[in-house]
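Asker: First the structure, which I've put down as structure tokens, then a few questions once you've had a look.
The values are calculated or read from the model by the stated rules, or taken from the named source; none is laboratory data. On a predicted model such as this, the values are computed, not experimentally measured, just so you know. Here Cβ is always computed from backbone atoms with ideal geometry, including for glycine, and neighbour counts include all displayed protein chains. For the accessible areas, the whole protein counts, side chains as well, though only heavy atoms, and no ligand, DNA or RNA atoms are used. Shrake-Rupley method; radii C 1.70, N 1.55, O 1.52, S 1.80 Å.
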Amino acid sequence: MSDQTDLQSTVEALVQKGKGILAADESSPTIAKRFKAIGVESTEENRRAYRQLLLATSGLGAFISGVILFEETLGQRADDGTPLPQLAARQGIVPGIKVDAGKIPLALAPGDEITQGLDGLAKRLAGYKPLGARFAKWRAVYNVSATLPSRLAIEANAEALARYAAICQEQGVVPIVEPEVLIDGNHTIERCAEVTEAVLHEVFHALHRHGVVLEYTLLKPSMVVPGKEQAQQARPAEVAARTIQILKRTVPASVPGIFFLSGGQTPAEATANLDAINRVGAQPWQLSFSYGRALQDPAMKAWKGQAGNARETQNALLKRARLNGAAREGKYVPALEDSAA
Ligand code: 13P
């Protein structure tokens, strides 16, 4: 019973008007790729320094309700010795933890992938809780083509997501369920819609089968968009209409919050699309953001690995957080993109 109260209060802390979630849980290979793009070596100290800067951004708590951390960050400390999760919690930002162990090829299913990390998960969660983690994230990915993802990939990933979510709830941790239909490729927006509908339908079927309580579950889906190599791109109003249509067909009203990933959209696109989604009208769920790149890219470019760029880094992060906070209410004004901070 006390676990249910914990789950409820975590959901309430995460799902708040005008706020979304910062995804800062890049795995070691992914953060190395992002750092390489700005000419910074991915050492443990550089990762700590960068993430400390993000979490110490003054005023971030006005627009960010939760932050997803990578396991390494959960155990790191700020220069003054404060554990990094506490740096977030101090601003009212709930710390969470990515618990999947990444994706591998799905055996005997060429082109499909499966996410691993279920073994020992309950024990790992029990270790993360005393470090401050109150929610978790597991990402499943689906490659799109005329034939992908296969039925097998849709079913196997749904099963893993549901098993993960059930284990989290049993441990008193709120699961964020993240099925990401990838933007890579030249598929049409119609094909993305078709795949997203099949994926979400199967995910909620599996969650039900595993007894996962939807009131204590958050969804982190991709938006319905064309592949990034598709010539026919879509305006925010079309992305919004198709995304809402698919969510209405597949996501029960008892899910309290849907936090989109940015998945390779530019920061401005991700904000404009979220804004359009929230302008469609009132929906059963709160519709917000849980962006990684779309929140961090401008900040990382401002940082360049230099402590002297701290102020510019934090201003860049705060600006994206503020604009997405507005978009989460359907109140984004594109002209604000031109303001310095
Ligand atoms: P992006 O917003 O960069 O897609 O990252 C979100 C995330 O958490 C991916 O797992």
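Asker: Run the 1.4 Å probe and let me know the accessible area of E178, rounded to the nearest 10 Å².
Answerer: Result for E178: roughly 10 Å² accessible.
Asker: May I pose another question? Express as a percent, rounded to the nearest 5, the fraction of DSSP beta bridges in the range 1-108 (both residues included) that run antiparallel. All intermediate terms of the calculation are to be shown ahead of the outcome.
Answerer: Working: 1 of 10 bridges.
Close to 10 percent.
Asker: Which residue, chosen from N157, L295, A231, occupies the Cα position most advanced towards the positive end of the dipole of the chain, where the dipole is computed from +1 (Lys, Arg) and -1 (Asp, Glu) charges on Cβ about the Cα centre?
Answerer: Farthest towards the positive pole: L295.
Asker: Of R328, R90, which has the most accessible area with a 1.4 Å probe, and how do the rest follow in descending order? Intermediate results must be reported in sequence, preceding the final value.
Answerer: Numbers: R328 5, R90 160 Å².
Order by accessible area, largest first: R90, R328.
Asker: DSSP loop (so not H, G, I, E, B), at most 16 other Cβ within 10 Å: list which trypsin sites (Lys or Arg not before Pro) in the range 226-319 pass both filters. Write out the running numbers ahead of the final one.
Answerer: Working: sites: K228, R242, K248, R249, R279, R293, K301, K304, R311, K319; in loops: K228, K304.
Taking the range 226-319 and a limit of 16 other Cβ atoms within 10 Å, the loop trypsin sites (Lys or Arg not before Pro) found are K228, K304.
Asker: Step through the table entries K228/K319; K33/K123; K129/K319; K98/K301; K228/K301, compare each Cα-Cα distance with 28 Å, and write down the pairs that go over it.
Answerer: Over 28 Å Cα-Cα: K33/K123; K129/K319.
Asker: Taking K and R as +1 and D and E as -1, what net charge do the other residues with C-beta under 11 Å from the C-beta of F35 add up to? Working shown, then result.
Answerer: Details: positive: K33, R34, K36, R47, K304; negative: E26, E41.
Local net charge: +3.
Asker: Apply the Karplus curve 6.51 cos²θ - 1.76 cosθ + 1.60, θ = phi - 60°, to the phi angles in the range 60-66 and return the couplings in whole Hz, x for Gly and Pro.
Answerer: Rounded to whole hertz, the list is 4, x, 6, 10, 10, 9, x.
Asker: Let me ask you something else. With n ≥ 4 as the cut-off for DSSP H runs, can you work out [θ] at 222 nm for the chain, using -39500 (n - 2.57) per run divided by the number of residues, rounded to the nearest 500? Intermediate results must be reported in sequence, preceding the final value.
Answerer: On the way: 12 runs with 151 residues, N = 341.
So the helix-based figure for the chain works out to -14000 deg cm²/dmol.
Asker: What share of the DSSP beta bridges in the chain is antiparallel, in percent to the nearest 5? Before the final figure, lay out each step's value.
Answerer: Working: 4 of 34 bridges.
Around 10 percent of the beta bridges assigned by DSSP in the chain are antiparallel ones.
Asker: Within the chain, which complete DSSP H helices have Cα atoms spanning at least 24 Å along the helix axis and a mean Kyte-Doolittle hydropathy of 0.0 or higher?
Answerer: Details: long enough: 151-170 (29 Å, 0.19); 189-209 (30 Å, 0.10); 310-327 (26 Å, -0.67).
Those that pass (Cα extent of 24 Å or more, hydropathy at least 0.0) are 151-170, 189-209.
Asker: Separate question: Per residue, how large is the accessible surface of the chain? Use a 1.4 angstrom probe and give square angstrom. Before the final figure, lay out the partial values.
Answerer: Values: 14080 Å² over 341 residues.
Per residue, the chain has an accessible area of 41 Å².
Asker: Over the chain, what percent of the accessible surface lies on carbon and sulfur atoms, probe 1.4 Å?
Answerer: Working: 7410 of 14080 Å².
Roughly 53 percent, rounded to a whole number.
Asker: As a test question: what accessible area, to the nearest 10 Å², does L218 have when a 1.4 Å probe is rolled over all protein chains in place?
Answerer: About 0 Å², rounded to the nearest 10.
Asker: Could you tally the net charge around K301, taking each other residue with its Cβ under 14 Å from the Cβ of K301, Lys/Arg +1 and Asp/Glu -1?
Answerer: +4
Asker: Hey, got the dipole for the chain? About the Cα centre, +1 on K and R Cβ, -1 on D and E Cβ, debye to the nearest 20?
Answerer: 620
Asker: From the backbone phi of the range 171-183, what are the Karplus-calculated ³J(HN,Hα) couplings (6.51 cos²θ - 1.76 cosθ + 1.60, θ = phi - 60°) in whole Hz, Gly and Pro given as x?
Answerer: Computed from phi, the couplings for the range 171-183 are 8, x, 10, 6, x, 9, 9, 10, x, 9, 7, 5, 7 Hz.
Asker: Using heavy-atom solvent-accessible surface (probe 1.4 Å) with all chains present, what is the largest-first order of S9, S27, S65? Numbers along the way, then the final one.
Answerer: Details: S9 50, S27 30, S65 0 Å².
Greatest to least solvent exposure: S9, S27, S65.
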